[in-house]
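Below is one structure, written out as structure tokens; the observations come after it.
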Amino acid sequence: MDSFYITTPIYYVNAKPHLGHAYTTTVADSVTRFHKLMGEDTYFLTGTDEHGDKIVQAAEAGGQSPQEYVDAISGMFHDLWPRMNISNNDFIRTTEPRHIEVVQEILQKVYDAGDIYFGEYGGHYCFGCERFYTEKELVDGKCPDHQTVPEYIAEKNYFFKMSKYQGWLRDHIKKNPNFIRPERYKNEVLSLLESGELEDLCISRPKSRLTWGIELPFDQEYVTYVWFDALINYVSALGYPDGEKFARFWPHANHLVAKDILKPHAVFWPTMLKAAGIEPYQSLNVHGYWLVKDTKMSKSIGNVVEPLAMKDTYGLDAFRYFLLRDMSFGQDSSFSEEALVGRLNAELANDLGNLFNRTLSMTHKYFDGEIPCPDVEDVVDAEIKKLGQDAMQSFQENYGDFKFSRGLEGLWELVRGLNKYIDATAPWALYKDENTGRLQTVIYVLLENMRKIAVHLWPVMPQASEQMLEQLGIAFDPEKVSLPKELDVWGLLESGASVSKSSNLFPRVELPGAESADKGKGKAKSKKKAKGEAKADAPAPIEFEDFQKLDLRVGTVKEVEKHPDADRLLLVRVDTGDDELRQVVAGIADFFAPDDLVGKQVVVVVNLKPRKLRKQLSQGMILAVKSGDGMELLTPSGDVKPGSKVS
């Protein structure tokens, strides 16, 4: 059996957990569950980093000892993860004896090999980063992260000969394309290594300045620098050097970090491992920032998103789905509750929830709630099964490469395809015509594909996945599931088994306060009317001649694709009876998938002056109606010829 080892960064305990921590840990949890379903032996590590200047300062500010302070904050992280349904195997703290012993053992080993030396150094020290900066690294004389002027400190310290391993590291990265991913971060590190001489790394602090750290085994007057302490947790937790877990899992190590700690993990850590005679990790996986109003989250700015608040408001699995679906791994992503609500309503409530509820209801209506025995398949059944294979293949390939959003988009091709399959096969008409054999096949095809979707969603939404399978009459056991086999296996649902009457796992949601705000608006309008006041926002009356200026025509949607530079825009190409298709840039991506629109008839304002929206030409406007949190297209009651004028 193959093994898979995933680690989060051990979180620095100078602040409470926030959305960034929740995202990283949720990704690690999801990837662990995925590899478990791929048939691998998994191990998932997280924990807390508890030494350094900032800890001492935070403890003093709170009137606590450093140990009291780290116990309290580390406890917050430790207690949060079960509430987020995180399945970590271990939680390590850098103040634990098991970690301290390994740090000192590795320090002594590297020192004895001659790769640690004593010297004097003067540099610009940022207490926020707990590191020295060179003149080149400063921006206008300030720390690039904290925008503060570092303090110049000159002192004697111990240094690690990191520069000795610069050439080896550069060559190793080039020979192993997945060593750092996505590729943009690999290129960033290679550029750093090729742009000049790598400096040696200061790995100590004198006790005269800092006592809260791990004592150097070869000099009791110094403690080790925080990175040479913290990074070693990834092997100390496995029982380095002789532990069974170290032998089994370290060759398959995958680190998961945010881009702000790329250099310590991509440069410091592999060179430390090389010096200690330990094989480097398998892969470093780097994600971007969650932004709030285009700004990185910061407690000083006051824009921190509390993960438990989101969980309590929208449900844990819906929140997990949004985190994994909305961020393209490696890039920054903007968080807003509006985007979260739009995603949940469009994809969970409208697409997946609607599929389950419709199919389960039809199973009860037509077969008394029992899974029917399929009859002879038709061409359309083979097509949807092929779509399912392609969708699951896409999910598995992308998820294994940390492309979570792309993997879920692939799986949703099947979700949307099944909703179309219902419309195309019209089970209600088959029932009316007493075409029982065909109806049995259609319902079975739907239910079996729904089972496959639910199984694939376990890494993303574990509780909802298990509930979906329970609604299909299945008790989920991850030890008995194989995602690779799902590509070829068909018919695991047993005919005659009972399913639930309906499904309401993903109800539509509203932004908190939206309903009361609407009521408040209604009351205000009523008061104005009572006083005989005119509505301030009412449009002015127009003449009939003005209305006649609008050229409204019915068109048939032929092609749809996502806007390359805007998530909420679609490029819709419509046949409006002209010689060429008319392209309309429409802000409806939150409500309609591209495939759902192809073939639909819409009403288009064709004489609207063309203009470019995010560099794409828009030649009109598609008319639509907002309905609560959803949207409906204006469309004729029956098929009409493209280009027919609305009058």
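The values are calculated or read from the model by the stated rules, or taken from the named source; none is laboratory data. Model, not experiment: these values are computed from the prediction. All Cβ positions, even for glycine, are placed from backbone atoms using ideal geometry, and neighbour counts span all protein chains on display. Surface areas here come from the heavy atoms of the whole protein model, side chains and all, with no ligands, DNA or RNA. Shrake-Rupley method; radii C 1.70, N 1.55, O 1.52, S 1.80 Å.
Against the definition (in a loop (DSSP other than H, G, I, E, B) and open to solvent by less than 50 Å² (accessible area, probe 1.4 Å)), how does Leu198 come out, yes or no? Yes; evaluated as a whole, the condition is true for this residue. Of all residues in segment 253-266, those that are open to solvent by 30 Å² or more (accessible area, probe 1.4 Å) and farther than 13 Å from Asn285 by Cβ total 2.
Annotation: Asp565 fulfils all but one of (1) exposed (fewer than 15 other Cβ atoms within 10 Å of the Cβ); (2) farther than 20 Å from Leu340 by Cα; (3) under 31 Å from the mean Cα position of the chain (by Cα); the unmet one is (2). Residues in segment 379-393: is at least one touching a Lys or Arg at 6+ places or on another chain (Cβ under 7 Å), in a helix (DSSP H, G or I) and closer than 15 Å to Lys452 by Cβ? Scanning segment 379-393 turns up at least one residue that is touching a Lys or Arg at 6+ places or on another chain (Cβ under 7 Å), in a helix (DSSP H, G or I) and closer than 15 Å to Lys452 by Cβ. Pairs linking a residue in segment 2-24 that is within 22 Å of Arg320 (Cβ to Cβ) and of a type in the set (Gly, Ala, Ser) to a residue that is open to solvent by 10 Å² or more (accessible area, probe 1.4 Å) and assigned to a loop (DSSP other than H, G, I, E, B), with Cβ atoms under 8 Å and 6 or more positions apart or on different chains, are Gly20/Tyr289; Gly20/Met297. The residue that is modelled with the lowest pLDDT, among those in segment 49-75 that are touching a Gly at 6+ places or on another chain (Cβ under 9 Å) and not charged (D, E, K, R), is Gly52.
Residue by residue, here is whether (1) open to solvent by 70 Å² or more (accessible area, probe 1.4 Å); (2) in contact (Cβ under 8 Å) with a residue 12 or more places away in the chain; (3) within 30 Å of Gly410 (Cβ to Cβ); (4) touching a helix residue (DSSP H, G or I) at 6+ places or on another chain (Cβ under 6 Å) holds:
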| site | (1), (2), (3), (4) |
| --- | --- |
| Phe591 | no, yes, yes, yes |
| Lys600 | yes, yes, yes, no |
| Val603 | no, yes, no, no |
| Lys612 | yes, no, no, no |
| Gly620 | no, yes, no, no |
| Ala624 | no, yes, yes, no |
| Leu633 | no, yes, yes, no |
| Pro636 | no, yes, no, no |
| Val646 | no, yes, no, no |
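Mind checking whether some residue in segment 520-530 is at pLDDT below 90, closer than 30 Å to Pro642 by Cβ and outside any loop (DSSP other than H, G, I, E, B)? Among the residues of segment 520-530, not one is at pLDDT below 90, closer than 30 Å to Pro642 by Cβ and outside any loop (DSSP other than H, G, I, E, B), which makes the answer no.
For the residues Phe127, Phe118, Phe132, the requirement of being more than 19 Å from Thr8 (Cβ to Cβ) and in contact with a Cys (Cβ under 7 Å, 6 or more places away or on another chain) singles out Phe132. Of all residues in segment 108-147, exactly one satisfies the criterion of being of a type in the set (Val, Ile, Thr), open to solvent by less than 30 Å² (accessible area, probe 1.4 Å) and in a strand (DSSP E or B), namely Ile116. If I ask for residues that are part of a loop (DSSP other than H, G, I, E, B), in contact (Cβ under 8 Å) with a residue 40 or more places away in the chain and either open to solvent by 20 Å² or more (accessible area, probe 1.4 Å) or more than 28 Å from Gly114 (Cα to Cα) (or both), which ones from segment 151-194 would you list? Selection gives Lys161, Asn178, Pro182.
Scanning segment 359-385 for residues being among the charged types (D, E, K, R) and either open to solvent by less than 20 Å² (accessible area, probe 1.4 Å) or over 15 Å from Tyr431 (Cα atoms) (or both) gives a total of 6. No other residue among Leu408, Leu446 is under 22 Å from Asp595 (Cα atoms), buried (at least 19 other Cβ atoms within 10 Å of the Cβ), modelled with pLDDT of 95 or more and over 24 Å from the mean Cα position of the chain (by Cα) apart from Leu446.
Is one or more of the residues making up segment 140-155 within 18 Å of Trp269 (Cα to Cα) and not acidic (Asp, Glu)? No, segment 140-155 has no match at all.
Restricting attention to segment 300-330, the residues that are open to solvent by 50 Å² or more (accessible area, probe 1.4 Å) and either of a type in the set (Ser, Thr, Tyr) or modelled with pLDDT of 90 or more (or both) add up to 3. Taking residues in segment 469-485 that are in a loop (DSSP other than H, G, I, E, B), and partners anywhere that are among the aliphatic types (A, V, I, L, M), the pairs with Cβ atoms closer than 6 Å and at least 6 places apart or on different chains are Leu472/Val499; Gly473/Ala497; Gly473/Val499; Phe476/Leu469; Val481/Leu37; Val481/Val455.
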